[in-house]
Amino acid sequence: MIPLTWFVALSAILFIIGISGVLLRRNLIVMLMSLELILNSVNINFVAFSYYLEDMTGQLFAIFTITIAACEVAVALGILIALVKNRRTFNADDLDTLKG
Amino acid sequence: MSPENINFLTIVTFLPLLGAIVLLFFKDVRKIRWIALAVTVADFVISIPVLTSFDITTHHMQFVEKYTWIPTLNINYYMGVDGISALMVFLTTLIGWVCVLVSWKAIEVKVKEFMISILVMQMAMIGVFCALDFVLFYLFWEAMLIPMYLIIGVWGGKRRIYSAVKFFLYTLAGSILLLIGIIAIYYAGGKTFEIPLLMEQHYSFTFQAYCFVAFFIAFAIKVPMFPFHTWLPDAHVDAPTAGSIILAGILLKMGTYGLIRFSMPMFPDATIYFATPIIILSIVAILYGAFLALAQTDMKKLIAYSSVSHMGFVTLGLFLLNKHGIEGGVLQMFNHGITTSALFACVGIIYERTHTRDLRQYGWAAKHVPIYAVFLFIFSMASLGFPGTNGFIGEIKILFGAYDVHYAYVIFLIIGIVFGAAYVLKMYENVAFGSNLKPAPEGSGTFEDYMSHIKDINPREFLILGVFTVFVVWIGLKPTLFLDIMGASVDHLITQVNAADLTSIAAR
Amino acid sequence: MQELVFSIADVTAVVPEIIVGVSACLLLMVDLFVKEERKEIVGWLAILAIIFAGVGTVCLASVEARTVMAGMYVVDLYSALFKMTLYIGAIFTILLSLNYMKSEGVEYRGEYYALILFALTGMMCISSGADLLTIYLGIELMALPIYVLVGYIKKSPTSNEAAMKYVILGAFSSGILLYGVSLIYGYTGTTNLAGIAAGITASGTDSPVLTFGVLLLTVGLCFKVAGFPFHMWAPDAYEGAPTSITAFMAVGAKAAAFAGAVRIFMAALEPAFADWQAILIIVAVGSMFYGNITAITQTNIKRMLAYSSIGHAGYALLGLIAGTADGAASIIFYMFVYTFMNLGAFGVIILLRKCTGKGDMIDDYRGLAKNNRLVAVVMLIIMFSLAGIPPTAGFMGKFYIFMALIDQGMITLAVVSIVSTAIAAFFYIRIVLLMYMKEPEGEFDLVKSYSVYYVLAICIMAVIVLGVYPGAFMHLAKAAAIIM
């Protein structure tokens, strides 16, 4: 059996990659993908814990997370399309009208 | 209904607020003025029984009202007066209607807002003197901030915004310290906000010292004591006349009242420990205020600095911690409220006619406006403490008190009094007897033309100054009534201070 | 996990949520039959739905606290009070929007009200959630419609930009929060709040897994309440969003986030108090000072209120730091008061915004008092209340929080926060100064909208009444906090 630590380590790595992606990359699409990565790392955690704890809550939670991630991306892409229509840019650094 | 069943203090406190609410529904400026006057006069009349049926044999709080207010936080609606606050309440209601009369013609824009501000202000001021619950006290204390800020900032003189903001920031800084002090004493004094209960506790010396300093700075800003006095001249000069009268007459008394009501009885050890430094600060304030007053050419600024000097007498008297000193201090609080308010009213009256406050522009008062000159003379004499006026009684008592403590204080006080006489006489001479053929201001024709527009005081102004004169002479000739009212409370205050643990102070 | 038994009692307990959620769906359909120029009808219907839900909540609150839906959902006085706050926030937002959205020239105005109701459903789920899953779902159900609402003025680049920034940082914070939840689940084996508390008590608090989980969960929640240094989405989102939605975010979303935070920290993470208290102290002190100092330099009033809301979040967090029933009660009270203060402020902003561009800048308030006395007085009272000067409700809210802190002996923290209040007074007073003591440049042409007038009137009355007589509501809040 694969030890729990491996799963947690994998999820931690994915989480860190996701966080770094959001913070370091400037392309809005890539940032959205990194957000997905974070949520997937969470799912791995939940499922792994659920398996080792022999408790269904974790899997239940993972299914909800997947659903919500889909909604989030749908909304985010919708907003992104509106933004691109007005601004013609995918770069987060160009979003600089609001500051202070 | 017997008098005991009437909630006098609540009525006196909240009648002005009611008046302010009524004013909201009126538009006609004339009606607004009359209603404001009616309300303030009614308030004055209702406050008279507080003095007349006051039991002078006891130091206990009288006219006490106590209701649960915010049980979750253990806050009560708790009002009551002792001899000292009863006098202050009376002074406040007296000044109240005088302020309305003074602003009768002087305020022409936004009259409604002005009268509402004055009335709200009066409610807050009376509330401060009556509150026996710390949170209630703080609420009233802070409620004064908003209307006064507006009075200075909206209806003020040239640099009104600067002065209003300066006033606001100074006062706010004081309030913050006050709030911190209140919270600290709540915590140390058994989790209650009731002032009489908090007075009975004994606190450790370190705690007393810290709290005393926090309270002292908060109140010293209000007094204002040297070196926290710099907001006062600005605020006075730029405030409208009524604003100056409220400031000098009542607001400054809040500081000394706070010292009497909270600092001295609650922190007796710290009071004795800090008494000498405070007396020295007071002497500095007396001399410094007097010197600065001597150098002013702006009449209002001169009186403002004289306030710093006179309030120095008050704080000095209080911290002598003997009967003569404290009685003199409290009486001088009342006197200063009368005399300085009267002087500010005089400035307002002459300013309305000439649109200048520069002393060098006057000099014709005795000849052209003789009645005005007589009144100004009376108040000038009261201000310098001439025998027969109220100022004399207060100052002589403080002198007696000072002699009992240390003769050196007396020397400084005498110097202060001499300088006081100097600047007051300088002012009076400049206004009344200066060379009376000064060139008229540009654009107003010959001197005679200019003078022909300047009338002597009208009946309204006569009434204002007349009332002040009555008190000047009354206290000057027969102060016993006023001394009797405060007597028991002052005695009690001295016992409270003397309960200090002298060994712990000696150990420092 | 408990066995799933579905009973009628479970359904009655969530009637208010059902009313709001179903009405949202129905409104989408009703909208199809309403003419473009009469879309206000949809708004009024939404208000009606919220009022029905409110009646339902009041009826349920009179019953004793009970947990339903297999321990996922709790109906108690605490949730009822927060729901009342949220209803007021939502109703007033809709009232403020009726005229405003029309004047902004926004299309699809019917869906707008439906989205507010969806967001409200989410907020209600947060305040009643007894399980991290419910609370998480509530947070997302609240956030998704608000993302859309922030970007509702589709043609405005600032609105788009605000929405984009908000959605990215919002999703980011949800991710962090979820990772924390997953670690806590791994440590305790449950997502039920009571279960977590029991799990932590049983297994001890000195595991790095737990510490890390609590840390991430705290960070996620601080993002949601916009606490420093996790506040950066707030100023942009506040400034770019339509003003009515800014108000909704400032009152609804914030109150809901605090409802969730208090429940999570007090019910589930109580045994790990030491782990999160230190973080919250840093966040609270940072928020108070950063928010209030940065607000001083702002020129846009919406942005200024955003920074002020960061400061207020700091004050409210102090109640959590106290960690007592009084602390929780003070947060309930503060959020209630804060709702009225902020809605009033945004109401005035909306009144000023007739011609595009006017009303958003602080300088636009120059000389407002000259010809618009009533509006100026309203703004004056609200500004003093936000600054926490008595006798307004803002003071009582802060005072209660300070008292809760002091009862726990945290005097230094109380003193620090009082000092930050003084800094805050600075920029609120500046608006009063501009309104009353400067001469206006040009005429003011205020919007005439009775719905906004009603909102302002009620807000002012609430601010004064709660400032002078807060006893009754405080008592309720205390009772609610004790039951929880």
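The values are calculated or read from the model by the stated rules, or taken from the named source; none is laboratory data. This is a predicted model, so every value here is computed, not measured. Glycine gets a Cβ as well: all are built from the backbone with ideal geometry, and neighbour counts include every protein chain shown. Areas reflect the complete protein model, heavy atoms only, side chains present, ligands, DNA and RNA absent. Shrake-Rupley method; radii C 1.70, N 1.55, O 1.52, S 1.80 Å.
Counting protein heavy atoms only, the protein assembly as shown has 69 percent of its accessible area on carbon and sulfur, 1.4 angstrom probe.
The residues of the range B:275-508 expose on average 39 square angstrom of accessible surface per residue, using a 1.4 Å probe on protein heavy atoms. Note: relative contact order over chain A, using C-alpha pairs below 8 Å and six or more positions apart, is 27 percent.
Say the dipole of the protein assembly as shown comes from +1 at the beta carbon of Lys and Arg and -1 at that of Asp and Glu; which of B:N76, B:C99, A:I2 then lies farthest toward its positive end? Farthest towards the positive end: B:C99. Taking only the Cα atoms of the range A:4-93, the ratio Rg/Rh comes out at 1.09, with Rh defined as the Kirkwood radius. The magnitude of the dipole of the range B:275-508, with charges of +1 and -1 set on the Cβ of Lys/Arg and Asp/Glu and taken from the Cα centre, is near 160 debye.
In square angstrom, what is the accessible area per residue of the range C:8-483 with a 1.4 angstrom probe?
Working: 13770 Å² over 476 residues.
Ligands and nucleic acids excluded, the figure is 29 Å² per residue.
Panel note: the C-alpha atoms of the range B:275-508, placed on their principal axes, show extents of 74, 33, 22 Å (largest first).
Across peptide C:395-403, the average count of Cβ atoms from other chains found within 10 Å of a residue's Cβ is 4. Placing +1 on the Cβ of every Lys and Arg and -1 on the Cβ of every Asp and Glu, with no other charges, gives the range C:87-246 a dipole of roughly 200 debye about its Cα centre. Taken across both chains, chains C and A shield about 3800 Å² of accessible surface from a 1.4 Å probe. Based on C-alpha pairs under 8 angstrom that are at least 6 apart in sequence, the range C:8-483 has a relative contact order of 15 percent. Expressed in Å, the radius of gyration and Dmax of the Cα atoms of chain C are 21.3, 69. Each of B:I494, A:L37, B:S307 was placed along the dipole of the protein assembly as shown (beta-carbon charges, centred on the mean Cα), and the one lying farthest toward the positive end is B:S307.
Sorting the segments C:119-131, B:468-480 by their mean number of nearby beta carbons within 10 angstrom, highest to lowest, gives C:119-131, B:468-480.
Label the range B:13-69 by shape, choosing from rounded, prolate and oblate, from the square roots a ≥ b ≥ c of the eigenvalues of the Cα gyration tensor; if a/c is under 1.5 it is rounded, and otherwise prolate applies when a/b is larger than b/c, oblate when it is not. It is oblate, given that a/c is not under 1.5 and a/b is not larger than b/c. Mean sequence separation of contacting Cα pairs (under 8 Å, at least six apart), scaled by the length of the range B:134-253, corresponds to a relative contact order of 35 percent. Ordering of B:450-456, C:148-154, C:311-317 by packing is C:311-317, C:148-154, B:450-456, highest average first (other Cβ atoms within 10 Å, averaged per residue). Across the range B:411-421, coupling constants 3J(HN,Hα) worked out from phi with the 6.51/-1.76/1.60 Karplus curve, θ = phi - 60°, read 4, 5, 4, 4, 4, x, 5, 5, 5, x, 4 Hz, and Gly and Pro carry x. Decide, for the range B:1-95, between rounded, prolate and oblate: order the square roots of the alpha carbon gyration tensor eigenvalues as a ≥ b ≥ c, take rounded if a/c falls under 1.5, and otherwise choose prolate if a/b is larger than b/c, else oblate. In terms of gyration-tensor shape, oblate.
Here the alpha carbons of the protein assembly as shown define both size measures, Rg and Dmax, at 32.7, 114 Å. Per residue of peptide A:78-88, the mean number of Cβ atoms on other chains within 10 Å of the residue Cβ is 6. Considering only C:L133, C:T93, C:V167, the residue lying farthest towards the positive end of the dipole of the range C:88-195 is C:T93, judged by Cα position with unit charges set on Cβ.
The 1.4 Å probe gives accessible areas that order B:S175, C:S203, largest first, as C:S203, B:S175.
Looking at the square roots a ≥ b ≥ c of the eigenvalues of the Cα gyration tensor of the range C:369-484, which shape do they give, rounded for a/c under 1.5, prolate if a/b is larger than b/c, or oblate? Oblate shape, in that a/c is at least 1.5 and b/c is the bigger or equal ratio. Averaged over residues, the count of other Cβ atoms within 10 Å places the peptides B:198-207, B:286-295, C:168-177 in the sequence C:168-177, B:286-295, B:198-207, highest first. The mean count of C-beta atoms from other chains within 10 Å of the C-beta of residues in A:21-31, rounded to a whole number, is 1.
I'd like the projected area of the range B:164-234, averaged over all directions, using the convex hull of its alpha carbons. Report it in nm² with one decimal.
5.1 nm²
Given +1 at the Cβ of Lys and Arg, -1 at the Cβ of Asp and Glu and no other charges, the dipole of the protein assembly as shown around its Cα centre is 2580 debye to the nearest 20.
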